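Following: one structure in structure tokens, then a few remarks.
We did not get these values from a lab; they are worked out from the coordinates using the rules stated. Everything quoted here is computed from the prediction, not taken from an experiment. Counting neighbours? That spans all protein chains shown, and the Cβs are built from the backbone with ideal geometry, glycine included.
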Amino acid sequence: MIDTLQNRDAKTIAGIQKLRFSPHSAIAGEGCYLIEEDGRRLLDLSASWGAASLGYAHPAVVNAVTGAIRRQAGASILSAVNQPAVELAEKLLSIVPGSDPRKVWLGHSGSDANEAALRAILAATGRSRIISFVGSYHGGTAGSMSISGHSSQTNAPKLPNSLFLPYPNPFRPFLNDQSGAAILELLDFHLASDCPPEEVAAVFMEPIMSDGGLIVPPPGFLKAIQDRLRPHGVLLVCDEVKVGLGRSGLLHCFQHEGLTPDVVTFAKGLGGGLALSAVVGPADVLDFAQAFAMETTCGNPVSASAGSAVLKTIQEENLPDHAAEIGHQLLSGLKSMADRHPLIGDIRGRGLVIGIELVQDQETKAPATLEAAKVVYRAYELGLVCYYVGLHSNVLELTPPLILSHQETEQAVAILDQAIQDVEQGRVSNEKIGGFKGG
Ligand code: PMP
């Protein structure tokens, strides 16, 4: 008997790199769909956690990658120059607002980008403190975890002297204050006491907190943080890894907040599915010292070419506007069915980054964690892929390919409507999801 891909995966692939596992196994992908062994097509509303920004097998990425590997201008950036890496860096500098002179660091993942940014900033500024947020996820390497406040990483050692602030969550407000003013007061208190601003090297922020629960901050909050810290020479690092490059309806998510960050980190969607990340920041930080933050295949021409093709497609096909339009359709479609579902506590987002927070009770807002896993499972049975995020694993996260069509959006809303209803009516047993929830 032929073993299933699921079983072969379970026997071979390390459990430590599994997260909130979905029941699907793909043998191919095309546009917004993943294709299973039996030929079944699944509408992917996650885009592999946002990495497949242009969907699967997009001709622009296929052509760029094929061309680059045919001509293969090296395999590394460390000790030699290659054309695709330089072109990608030039392109990034031209599309990211900021004061020059700036440089670009190229890597493989959101984790290594945030790690490189962190280490270079600490070293270049000679300051020891970092401010970030409870619930933030900046990566899974030692350095990036040390400034992340996600509940999945509570055992990871944190950077000594770092300060983790609550992230303002309008649905679950800190001290019942929806505006975030109480958090700003808390920051002021620390700056005036145990966290002197002249010792703070940087603040790391996600312009929408994604893994921490898909939280859109109240207007003006992030800008207020920058206004407090910038006069003291504190750098603002915007982590655009998941929500950047068109997904939010603008090219950069920080533009919704009126921010001009000093440092921006990119990954996931930048590579269109290939391993690629970037840090754009001040030259005096990113030129701090040679051999300081490097990995052999950084800037390899294949990944770099994919990155340039993704950026070109996002601009030429005006995907930020498309994400805004389709995101509006998706958000309003979901909101219009919400009244029928006691499980839905809140629906929020910007463009094509949308969260559906599930609760056991509308009054107490007790997180519906098990139910979130069940909805993911039932949606898979009905032909849709999505995952869940949040400190209580109860927020369905939708980050579809930026090319999602109107018709696919309608299909997505209908499937989610049905999946949530089936879970509410008890049609998904606990046993069914046993192997797939968690993380
Ligand atoms: N930053 C953010 C905001 C993320 O969402 C993630 C991944 N979920 C990372 C960094 C880490 O990226 P990667 O998994 O590519 O290392």
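Annotations
- Anchor K18: lysines whose Cα lies under 28 Å away (excluding residues fewer than 8 positions away in-chain): K158, K242, K268, K374, K432, K437
- Arranged from fewest to most other beta-carbon atoms within 10 Å of their beta carbon, Y137, Y377 become Y377, Y137.
- Most to least packed among 118-126, 78-86 [average Cβ atoms within 10 Å]: 118-126, 78-86
- Residue-by-residue Karplus 3J(HN,Hα) for the stretch 198-204, coefficients 6.51, -1.76, 1.60, Hz, glycine and proline x: 6, 9, 8, 7, 7, 10, 9
- Oblate is the label for the stretch 368-424, because a/c, from the alpha-carbon gyration tensor with a ≥ b ≥ c as root eigenvalues, is 1.5 or above and a/b does not exceed b/c.
- The stretch 174-209 and the stretch 5-54 have Cα centres separated by 38 Å.
- Loop sites by DSSP among the GluC sites (Glu not before Pro) of the chain, restricted to those with at most 14 other Cβ atoms within 10 angstrom, leave 38-362 as the longest stretch without any of them.
- Cα gyration tensor shape for the chain, rounded if a/c is under 1.5, else prolate or oblate: oblate
- Residue exposure sequence - S111, S22, S336, S277 - by fewest surrounding Cβ within 10 Å: S336, S22, S111, S277
- Fewest-first ranking of V62, V96, V395, using other Cβ atoms within 10 Å as the exposure measure: V62, V96, V395
- Among the trypsin sites (Lys or Arg not before Pro) in the stretch 263-359, those placed in a DSSP loop whose Cβ has at most 15 other Cβ atoms within 10 Å are R340.
- Cα-based shape type of the stretch 145-275, given that a ≥ b ≥ c are square roots of the gyration tensor eigenvalues and the cut on a/c is 1.5: rounded
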